[in-house]
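The values are calculated or read from the model by the stated rules, or taken from the named source; none is laboratory data. Being a predicted model, the structure only gives us computed values, none of them experimental. Every residue, glycine as well, gets a Cβ built from its backbone with ideal geometry; the counts of neighbours run over all protein chains shown. Side chains are part of the model used for accessible areas, which takes the heavy atoms of the whole protein and leaves out ligands, DNA and RNA. Shrake-Rupley method; radii C 1.70, N 1.55, O 1.52, S 1.80 Å.
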Amino acid sequence: MTATAPRFGSAPLVRLLLVTTVLLGTVFTVLSGTASAHAALTGSTPEDGAVVAAAPKDISLTFSEQVAMGDNSIRVLDPSNKRADAGKIRDLSSGGTVTYGIDLHPGLPDGTYTVAWQAVSADSHPISGAFTFSIGAPSKTTATVPTEEAGGGLVGVLYDIARYVSYAGFILLIGGAAFVLGCWPRGASVRPLQRLVVQGWLTLTAATLALLLLRSPYTGSGKLGDAFDLGGLQDVLATKTGAALVSRLLLLGAAALFVAVLFGAYAKRETPRDEEESKERKDLTFGLAVGGTVVAAGIAGTWALAEHASTGIQTGLAMPVDVLHLLAMATWLGGLTALLVALYRAPSIENAAVRRFSRIAFISVVVLAATGLYQSWRQVGSWSALWGTSYGQLLLVKVGLVAVLVGIAWFSRRWTERLGQRAEAGTEAGTGQGAGAGAGAENESKAEAEAATGSETGSGTETAAATTVVGDSERTTQLARQKAALASARQKRIRDADPGRIGLRRSVLAEAGVAVVLLAVTTVLTSTEPGRTAEQEAGATGGAAATAPATEGPLALTLPFDTGGENGEGTVRITLDPGRSGANEMHIYVDGPDGQPLDVPEVKAAFTLTAQQIGPLPITPEHFAPGHWSADAVQIPMPGDWQLQLTIRTSDIDQTTVDKNVKIG
């Protein structure tokens, strides 16, 4: 089978694909927002909003799962915005709890203190938050904490783009090399394919370096200028993600050697001259296949080591499955891109190579389906999470795109079969088309060139006459080349007019377009909290009927109460603004049976997330006015179905606790 490039542009097709992937990566990054993470703050000492009589010696924070912290991950600020901590973070984890602490300066004065913290979840995503406590009595504070969520802003956008581009580079490098080695060995000497694989290597290397530099501001300050801070880079290298990125760079060095041999020694042995050279080529092919597989699996493993596969359930099985998933994806989509480049840019490609890729692509799809099914079960966990969480919805979009891609691939396979049938018919009819058309065109050109050159030496008399007319033999050689070029151009026109090859080109181009979008969705998936944990955090497994509906804006509730004593009946109105995870402002209004404010001695509140075994998180509101209590900076660590418990005391001995499930977004 043969094909040539259409005359619709001068830029290489692979550059167009790379630009398209970067643009789509930017769009999906902006639309996806900041990446969700698994870990959350579940408690602290002192608690959020607490008022303690004396200054504590230290501050401790407890998280729902393992996190990584740097030297500056916890900061305690006094009312004048000065550091009140000693700066050294201690790991206090024990008995399955994840707790970190930091010592305070001795002799801290009374007032309200702000604790700002940031950490990195086990799946490499940053988390952050802040809360306050008071010594002696609350006071005004000028402490400032970052208003932007960790992993957001310009740095977050650039980091996510780099992640997307790194996936694209991995696909071009691994899939392109696999296509050459497994489907079309002659492609090792084709310049467009060489450029495709090399550009894949350069893209992956550049994106990995960018991720390494952006990692510190991405998980820390959020300032782009800190990307070149050597201290921050040193901290990154000590983390799991930093080790994975450095390992990827080292493996890319080995990949560079593989590419050099593939397009060097291997390409030179394209047509062995004797049995010994044939054996050497087979040995080299085997060595490249084994070495390339090991390097490719190692590079894929750097993602499995640092992202979703390394956390959650069954990590020992999930990581190798994730490696297989990435390799199958690269073989399919990268091979598809290589085929597209060959169809549009290479002088010719045998139909047998297309058929071999069709078989390899089918195997890759089967592996993708099997590994994807396991990953879906592991990350989603239930049918409700598949429809009710962002991860599940994105997964459905991905499955839909894969189905579209497989459907288009079916048409490509039909075009390939038609070309194969034409090739066999053409060979029997002696037309030289079909599977051997590329070689036939090449032989035809050589034959015409030899015929033209042979006319120079056909006979002594004719040669002498021609030499006399032309002047020297260079003119005859030039004429021979012109004849060969004309023959080649004629053959190309015949190939380009073949509707079968035109159909195959268009279907493969459509596949590549869908693959670019599929890669963008996959990148967003890797930065989205899995449905299994998202559903657990939302408390979707129980108590839905008793849950107050989530609302846009502040949360407002009205609950009756009766303490059983004199003047013990009434209603309590609660507002929580903005009514979502993070810092909130809480107001509590207590009214008597007549609807007038009822001034009670004490009101307390607490939030509990039963599904995650978080809480109760106590809140001690301040008496603001008759019947009015308020609390600033009420910290809700994560969204979900929380149980709000409200305790109202109307006398020294009369009190009651009312509760209500509220859904906080």
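Which entries in the list Lys82/Lys223; Lys88/Lys223; Lys88/Lys240; Lys140/Lys604; Lys223/Lys663 go over 28 Å, if you measure between the two C-alpha atoms of each? The partial results should precede the final answer.
Numbers: Lys82/Lys223 21 Å; Lys88/Lys223 23 Å; Lys88/Lys240 21 Å; Lys140/Lys604 22 Å; Lys223/Lys663 34 Å.
Those over the limit are Lys223/Lys663.
What is the projected area of the convex hull of the Cα atoms of segment 208-358, averaged over all directions, in nm²?
Spelled out: convex hull of the Cα atoms, projected over all directions, averaged, 12.6 nm².
What are the equivalent ellipsoid semi-axes of segment 270-329, built from the alpha-carbon gyration tensor (square roots of five times its eigenvalues), in whole angstrom, biggest first? Please list the in-between numbers first.
On the way: eigenvalues 276, 13, 12 Å².
Each semi-axis is √(5λ); the values are 37, 8, 8 Å.
Averaged per residue, what accessible surface does segment 258-414 expose to a 1.4 Å probe, in Å²?
Working: 7320 Å² over 157 residues.
Accessible surface, normalised per residue, equals 47 Å².
Would you tally the net charge around Asp654, using a Cβ to Cβ cut-off of less than 12 Å, leaving Asp654 out, and scoring K and R as +1, D and E as -1?
Working: positive: Arg649; negative: Asp562, Glu566, Glu569, Glu602, Asp652.
After counting each charged neighbour, the total is -4.
Excluding ligands, DNA and RNA, what is the solvent-accessible area per residue of segment 61-218 at a probe of 1.4 Å, expressed in Å²?
Ligands and nucleic acids excluded, the result is 37 Å² per residue.
On the protein heavy atoms, probe 1.4 angstrom, tell me the percent of accessible surface of segment 150-234 carried by carbon and sulfur. Could the numbers behind the result be given before it?
On the way: 1870 of 2780 Å².
The computed percentage sits at 67.
With Rg and the Kirkwood Rh both taken from Cα atoms, where does Rg over Rh land for segment 565-657? All intermediate terms of the calculation are to be shown ahead of the outcome.
On the way: Rg = 13.7 Å, Rh = 13.8 Å.
With Rh from the inverse mean 1/r over Cα pairs, Rg/Rh is 0.99.
Give the lysines reachable from Lys279 as a straight Cα distance under 20 Å; neighbours fewer than 8 places away on the same chain don't count.
Lys268
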